[in-house]
Amino acid sequence: MADANYDVLVIGAGPGGYVAAIRAAQLGLNVAIVEREHMGGICLNWGCIPTKAMLRSSEVFHLMHRAEEFGLSVKDPSYDLDAVVKRSRGVAKQLNSGVGHLLKKNKVTAIMGTATLQGKDKVSVKTKDGTQTLQAKNIILATGARARELPGLEADGENVWTYKHALTPKRMPKKLLVIGSGAIGIEFASFYNTLGAETTVVEVMDRILPVEDEEIAVFARKSFEKQGMRIMEKAMVKKLDRAKDKVTAHIEQGGKTVKEDFDTVISAVGIVGNVEGLGLEDQGIKVDRTHVITDEYCHTGVGNIYAIGDLAGAPWLAHKASHEGVMVAEKIAGQKPHPVKPESIAGCTYCHPQIASVGLTEAKAKEQGLNIKVGRFPFIGNGKAIALGEPEGMVKTIFDAKTGELLGAHMVGAEVTELIQGYVVGRQLETTEEDLMQTVFPHPTLSEMMHESVLDAYGRAIHF
């Protein structure tokens, strides 16, 4: 295979890599991207997108059971799990081919293969046709991450699943144990619980959704329990005994260990960066706990080599990876982009009810010694929420009492993953409480609760 020279070589075509490649090409650079498995990466093929497709199916199924509330009639609602999965895979496939088209449209050379650094500007790529060496003035590492597997809790694809098995189930779990209550664990718990699995969630921390504001996490827990989910906090799965059609989990909580049988276990205990086989150590690139260490501009400190997305650490979010990809491409092209601020990146969890947040939690703000004002507004006080039949939820806002800066916003309820962007834009524009109070929000919308929550922080809420 012929060797080639590029201005930018991207390793990994997930939401960080392919976006970096396209932006670099838009800026007139000669770009190649190497991907070993799927265009679009985990997010598009096995993460963000297919899970949302499946969760949409469970949401519709949930609404079918509530048809009478809306004056409608649905006789004996049921589902076809294979058809649900087929739709989800179809959505992923459609977007996968879309990424290929976008790369081609932007004249990015796409290579399917496995890449290894051979120097500060040299990469060898092993493809099905052989090995070739590529020269590049700049290299962007975007190899992402994979599910963490704890000793004794490893997935087998039969009774113990990772997210991949949970996205393409061979059967419907009857009694399900989900280990870990971050976004991935809670989304799968929500999906399978809605479809009728008897679901237990075990979380080692003192509460589920540990990165969220405590008040929001408590609200979500009550909602999940109302739906029949069992939540075990400050608990740990010490061991799994595997048999042909069941798994016996040894769960430790409060100093006692109990044994309980499940037919399915989903392990969602975090991720590890894909650092192996890249030749990082040979080039002097520093790695800490499977994540590449970088500066605020994602530079590794070695040559013109950058690392973005999950590979470069938290927050492990696709939109963070994409934005870092754009930033690095612009920096390489000689522009002066702003570094990505992790505290200004929203987190979204698509369970039922949805959860979304940006900025500091109330506890973190207090930890920093800030004098704060906190506002809250419940969904039950909003006309659109009641009309939608979604009166359970809350919007919470946190302001610096001295400056009026919006420090954080936290939500639980219907469509909050769409609403959060209003506060994200507000933080980016360095808005104050006064700006938000003076903004006219359309009626009737769920977004009016965002306004009311701000007003409440200053004792001015109208509808509650």
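The values are calculated or read from the model by the stated rules, or taken from the named source; none is laboratory data. All of these numbers come straight from a predicted model, not from anything done at the bench. When we count neighbours, we look across all protein chains shown, and the Cβ atoms used for this are built from the backbone with ideal geometry, even at glycine. Calculation scope for accessible area: heavy atoms of the full protein, side chains included, ligands and nucleic acids excluded. Shrake-Rupley method; radii C 1.70, N 1.55, O 1.52, S 1.80 Å.
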Count - residues of segment 260-292 that are open to solvent by 30 Å² or more (accessible area, probe 1.4 Å) and of a type in the set (S, T, Y): 1
Any hit, segment 4-27, residues being assigned to a loop (DSSP other than H, G, I, E, B), modelled with pLDDT under 95, more than 21 Å from the chain's Cα centre (by Cα) and more than 22 Å from G313 (Cβ to Cβ): no
Residue under evaluation P391, criteria (1) in contact with a helix residue (DSSP H, G or I) (Cβ under 8 Å, 6 or more places away or on another chain); (2) open to solvent by less than 30 Å² (accessible area, probe 1.4 Å); (3) not basic (K, R), criterion not met: (2)
Sole exception among (1) in contact with a Ser or Thr (Cβ under 6 Å, 6 or more places away or on another chain); (2) surrounded by fewer than 13 Cβ atoms within 10 Å (Cβ to Cβ); (3) modelled with pLDDT of 95 or more for H62, by number: (2)
Residues satisfying the stated conditions in segment 231-249, i.e. touching a Lys or Arg at 6+ places or on another chain (Cβ under 8 Å) and within 16 Å of E203 (Cβ to Cβ): I231, E233, A249
Within segment 147-200, considering residues that are among the aliphatic types (A, V, I, L, M) and part of a loop (DSSP other than H, G, I, E, B), the one farthest from G347 (Cα to Cα): M172
Residue check for G369: surrounded by fewer than 20 Cβ atoms within 10 Å (Cβ to Cβ), without any contact (Cβ under 8 Å) to a residue 40 or more places away in the chain and either at positive phi or among the hydroxyl-bearing types (S, T, Y) (or both): yes
Single residue of A307, A329, A314 found to be touching a residue at least 24 places away in the same chain (Cβ under 8 Å), among the hydrophobic types (A, V, I, L, M, F, W, C) and surrounded by fewer than 18 Cβ atoms within 10 Å (Cβ to Cβ): A314
Index of the failed condition, A321 passing every other in (1) buried (at least 23 other Cβ atoms within 10 Å of the Cβ); (2) out of contact with any Asp or Glu (no Cβ under 7 Å at 6 or more places or on another chain): (2)
Helices (runs of 4 or more DSSP H) (entirely within segment 403-464) containing at least 1 residues that are open to solvent by 20 Å² or more (accessible area, probe 1.4 Å), under 22 Å from A387 (Cα atoms) and in contact (Cβ under 8 Å) with a residue 24 or more places away in the chain: 416-428, 448-457
Some residue of segment 37-45 being free of Cβ contacts under 8 Å to residues at least 24 places away in the same chain and under 17 Å from A110 (Cβ atoms): yes
Matching residues, segment 114-163, being open to solvent by less than 30 Å² (accessible area, probe 1.4 Å), among the β-branched types (V, I, T) and more than 23 Å from V326 (Cα to Cα): V125, T127, V160, T162
Meets criteria (open to solvent by less than 40 Å² (accessible area, probe 1.4 Å) and over 30 Å from I139 (Cα atoms)) for D245: no
Residue under evaluation L55, criteria (1) among the aliphatic types (A, V, I, L, M); (2) open to solvent by less than 30 Å² (accessible area, probe 1.4 Å); (3) within 19 Å of I305 (Cα to Cα); (4) modelled with pLDDT of 95 or more, criterion not met: (3)
Residue match in segment 357-366 (condition: in a helix (DSSP H, G or I), crowded, with 18+ Cβ neighbours inside 10 Å and touching a residue at least 60 places away in the same chain (Cβ under 8 Å)): yes
So E59, is it touching a His at 6+ places or on another chain (Cβ under 9 Å) and within 25 Å of F224 (Cα to Cα): yes
Number of the exception - D295 against (1) part of a loop (DSSP other than H, G, I, E, B); (2) open to solvent by less than 30 Å² (accessible area, probe 1.4 Å): (2)
Which numbered condition V218 misses (of (1) surrounded by fewer than 17 Cβ atoms within 10 Å (Cβ to Cβ); (2) outside any loop (DSSP other than H, G, I, E, B); (3) in contact with a strand residue (DSSP E or B) (Cβ under 7 Å, 6 or more places away or on another chain)): (3)
